[in-house]
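The values are calculated or read from the model by the stated rules, or taken from the named source; none is laboratory data. None of these values were measured; they are calculated from a predicted model. Glycine gets a Cβ as well: all are built from the backbone with ideal geometry, and neighbour counts include every protein chain shown. Note: accessible area is taken over every heavy atom of the protein model, side chains too, but ligands, DNA and RNA are not part of it. Shrake-Rupley method; radii C 1.70, N 1.55, O 1.52, S 1.80 Å.
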Amino acid sequence: MRKRKVKKTKPMFKKKRSAGRTALNVFLTVLLLLGIAFLGYSVGKPIMDFMRERPDRQASTTTAPDVPKNEITTAATTPAPETTPVTTEPEPEPEPKNGILFVALPNSEDYNAVLDAAIKEATEKGCCGIALELIRDGGVIGFNTKDERAVNVSAVYPLAISDLSAAAKKITDAGLLPYARISALTDHILSWVDKSICYLFENSTSTWLDNSRAAGGKPWISAFSESARGYISGFVSEISEAGFAGIIAGELEFPPFRRSDLGYVGAIVQSADRYKALAEFSNALQETLGAAKSYAVEVDAQDIIAGNDEVLNDTSLLNCNTVYVRYDSAAVGTRLVRADGTEVSYTGLGESDKATVVFRSVAEELKDSGKTLIPAVSDESLIPVLVGLGYDETMILIY
């Protein structure tokens, strides 16, 4: 009988382990996992740091780098330095100055007090100077003159400027230039008693009047009289010595002679060359003032356009370089007739346009005179218009 082989097989179920063996296995497993974690951290951290610090890393990376706490605080509180662009500041432009403020001789007030108020006004307006009226139309003297003839006939204003030198200094101390405005040929005071300075009937000692005595007729100082030149020149000398910067001479003109008057006074006023006496009178005043001072004549705009400005008939005879053009809209009116019979109409023009047309006409009339023209106006709103025409704002006379 054959002997049967018996195969050995693995058991279907493992034998049950003891509790000690199981605990040992758990401990070894945990220890292995800790070792793997330590190894991964030790190797992985430098790699991650290197990846974060790569210059070409993506901008979208949101992982914040490990920075010490004190460095994070500094970064949050210290702003990045700002770069201020270097710019060159432009030089401030000087503020425009207004012109010369005219101060009229008052009728009843103290002229010294009027001057103080005018200095304040001129300073507030930013004016360059003040022009005091020191000889008024008609012959009233606005300061305490040394001229005995003026004093004897009471030509001096009762409340006149007491000290002309002190007045000039007061104006200068305020940062302004002192000017004087005089009416050269309109004296109706001394000419009443001094026949050497006024117009007389031809071949007579009778004084010529511009109307009948009953109608208030007045005598006029004569442009042909040497005594008259000496009388007005004496005031100019006092004004110059007092420290005034210049003089504006107005009313360098003949009286409004009627046709019959020309026959009474005679050949001296009938001559076509009589205008030369006006230029010579003006030149005598300028010579007395002195070359170091500014001297100007003043003429009405309407007279220049109409051709009645005899003192400007031959501007080459006038030694002065400056002509003030006095503009008064009411005096100009709406229509002027020139010497040649042509008319100039200002109907329908606004004040600015009217002034523009008038001053352009004046400039055209005197374009070959070689004189500097300066406006004299009472309407200050016209100053920007005049500046736009090219006139120097600092020299405009403000009435």
Query raised in the report: Just a yes or no: is a residue in segment 156-168 surrounded by fewer than 22 Cβ atoms within 10 Å (Cβ to Cβ) and in a loop (DSSP other than H, G, I, E, B)?
Result: yes
Report task. Report yes if some residue within segment 348-371 is in contact with a Phe, Trp or Tyr (Cβ under 9 Å, 6 or more places away or on another chain) and polar (S, T, N, Q); otherwise report no. Result -> no
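Out of all the residues in segment 290-339, which are of a type in the set (D, E, K, R), within 27 Å of the chain's Cα centre (by Cα) and surrounded by 16 or more Cβ atoms within 10 Å (Cβ to Cβ)? Reasoning before the result, please.
Applying the first criterion (of a type in the set (D, E, K, R)) to segment 290-339 yields 293, 298, 300, 303, 309-310, 314, 326, 328, 335, 338.
Now drop any that are not within 27 Å of the chain's Cα centre (by Cα), which leaves 293, 298, 300, 326, 328.
Within segment 290-339, K293, E298, D300, R326 qualify.
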Query raised in the report: Any idea how many residues of segment 351-399 are farther than 26 Å from E121 by Cβ, charged (D, E, K, R) and loosely packed, with under 14 Cβ neighbours inside 10 Å?
Result: 5
Query raised in the report: So, in segment 169-208, of the ones that are without any contact (Cβ under 8 Å) to a residue 12 or more places away in the chain and in a loop (DSSP other than H, G, I, E, B), which residue ends up farthest from S240 (Cα to Cα)?
Result: S204
Query raised in the report: Mind checking whether some residue in segment 218-232 is of a type in the set (A, V, I, L, M, F, W, C), without any contact (Cβ under 8 Å) to a residue 40 or more places away in the chain and farther than 24 Å from N144 by Cα?
Result: no
Report summary line: Matching residues in segment 122-140 (farther than 25 Å from P158 by Cα, open to solvent by less than 20 Å² (accessible area, probe 1.4 Å) and touching a Ser or Thr at 6+ places or on another chain (Cβ under 6 Å)) number 0
Report summary line: Filtering segment 196-251 down to residues that are in contact with a Phe, Trp or Tyr (Cβ under 6 Å, 6 or more places away or on another chain) and of a type in the set (S, T, N, Q) yields S222
Query raised in the report: Among L185, L115, which is open to solvent by less than 20 Å² (accessible area, probe 1.4 Å) and either touching a Pro at 6+ places or on another chain (Cβ under 9 Å) or among the acidic types (D, E) (or both)?
Result: L185
Query raised in the report: Just checking, how many residues over segment 340-350 are among the aliphatic types (A, V, I, L, M) and either open to solvent by less than 20 Å² (accessible area, probe 1.4 Å) or in contact with a strand residue (DSSP E or B) (Cβ under 7 Å, 6 or more places away or on another chain) (or both)?
Result: 1
**Report entry** Lone unmet requirement of (1) in a helix (DSSP H, G or I); (2) under 19 Å from L289 (Cα atoms) for A131
**Finding:** (1)
Requested in this report: Kindly list, by first and then second residue, each pair from a residue in segment 115-143 that is more than 22 Å from G250 (Cβ to Cβ) and among the charged types (D, E, K, R) to a residue that is in a helix (DSSP H, G or I) and open to solvent by 10 Å² or more (accessible area, probe 1.4 Å), limited to pairs with Cβ atoms under 8 Å and residues at least 6 apart or on different chains.
Outcome: D116/K170
Query raised in the report: Has segment 231-245 got any residue that is out of contact with any strand residue (DSSP E or B) (no Cβ under 7 Å at 6 or more places or on another chain), open to solvent by 60 Å² or more (accessible area, probe 1.4 Å) and either small (G, A, S) or more than 29 Å from P178 (Cα to Cα) (or both)?
Result: no
